[in-house]
Amino acid sequence: DAKTTQPNSMESNEEEPVHLPCNHSTISGTDYIHWYRQLPSQGPEYVIHGLTSNVNNRMASLAIAEDRKSSTLILHRATLRDAAVYYCILRESQGGSEKLVFGKGTKLTVNP
Amino acid sequence: DAGITQSPRHKVTETGTPVTLRCHQTENHRYMYWYRQDPGHGLRLIHYSYGVKDTDKGEVSDGYSVSRSKTEDFLLTLESATSSQTSVYFCAISDLGLGGEKLFFGSGTQLSVL
């Protein structure tokens, strides 16, 4: 199963941009890159996903390297409510083997 | 928010007793998943279902069984609970299990096995 590697923790200041990296060197051509975050005492929630092109939504932006072996989740202006564990995972485009591997994620601390 | 309800939200039980956790969805999604989360391990897949009566194992399935007799319900059973199964359990759903779809998670069940 394709796996991802993320830093264990990162720190940011409020209202500054945050770039959360993810390495997925064994990604296959049909894998989607997904990001989820988990606030304390809650279930994970969807943030963003993409296949090849960069993606933007109201929560964040996803920058995908040209070779797709890495990606970066961008929070344009971090708020205290963005403090969470962020998970980068890969999903096969056709499903089937749904053995998704979440890993330990990156714990983001946002300083006021 | 996706219509996912996990029950119970909290449970304390004794070693050796059977335990069943329930995940109920109102979205009519085909795929349902059970994960456990332990400190230092992130989320690990226990079992998943890709339709009524269709299930498969995840990476940590030993000691767990599942059943899906209706689209909306996915049950996780610990036949004989052990202390190593103390964890937070999350249910998730996905419409067609395709890579371009979002996963939606429930709020979790905190299980303590004494």
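The values are calculated or read from the model by the stated rules, or taken from the named source; none is laboratory data. Note that this is a predicted model, so its numbers are computed, not measured. We place every Cβ from the backbone using ideal geometry, glycine too, and count neighbours over all the protein chains shown. Note: accessible area is taken over every heavy atom of the protein model, side chains too, but ligands, DNA and RNA are not part of it. Shrake-Rupley method; radii C 1.70, N 1.55, O 1.52, S 1.80 Å.
Things to note:
- Straight-line cross-link partners of B:LYS11 among the lysines, defined as a Cα under 29 Å from its Cα and at least 8 positions apart when in the same chain: A:LYS99, A:LYS104, A:LYS107, B:LYS53, B:LYS57, B:LYS70, B:LYS102.
- Most to least accessible of B:LYS11, B:LYS70 (protein chains only, probe 1.4 Å): B:LYS70, B:LYS11
- Here the Karplus relation 6.51 cos²θ - 1.76 cosθ + 1.60, evaluated at θ = phi - 60°, turns the backbone of region A:9-26 into coupling constants of 8, 8, 10, 9, 9, 4, 6, 9, x, 10, 10, 9, x, 8, 9, 9, 5, 9 Hz, with x for every Gly and Pro.
- Selected from B:GLY40, B:GLY97, B:GLY16 as most flexible by GNM, with chain B as the system and alpha-carbon contacts under 10 Å: B:GLY40
- In the protein assembly as shown, one over the average inverse separation of all distinct C-alpha pairs is 18.0 Å, which is the Kirkwood hydrodynamic radius.
- Split the accessible area of the protein assembly as shown by element, probe 1.4 Å, and carbon with sulfur accounts for 47%.
- Across peptide A:49-61, the average count of Cβ atoms from other chains found within 10 Å of a residue's Cβ is 1.
- Per residue, the accessible area of chain A comes to 51 Å², computed with a 1.4 Å probe over protein heavy atoms only.
- Mean silhouette area of chain B, derived from the convex hull of its C-alpha atoms and averaged over all directions, reads 6.7 nm².
- 3J(HN,Hα) couplings calculated from phi for region B:73-85 with the Karplus curve 6.51 cos²θ - 1.76 cosθ + 1.60 (θ = phi - 60°) are, in sequence order, 10, 10, 9, 10, 10, 9, 4, 8, 4, 10, 4, 6, 8 Hz; Gly and Pro show x.
- If you wrap chain A in the convex hull of its Cα atoms and look at it from every side, the mean projected area works out to 6.7 nm².
- Residues in region B:1-21 that a label on B:SER80 would reach, taking backbone N under 11 Å of a point 7 Å out along Cα→Cβ: B:16-18
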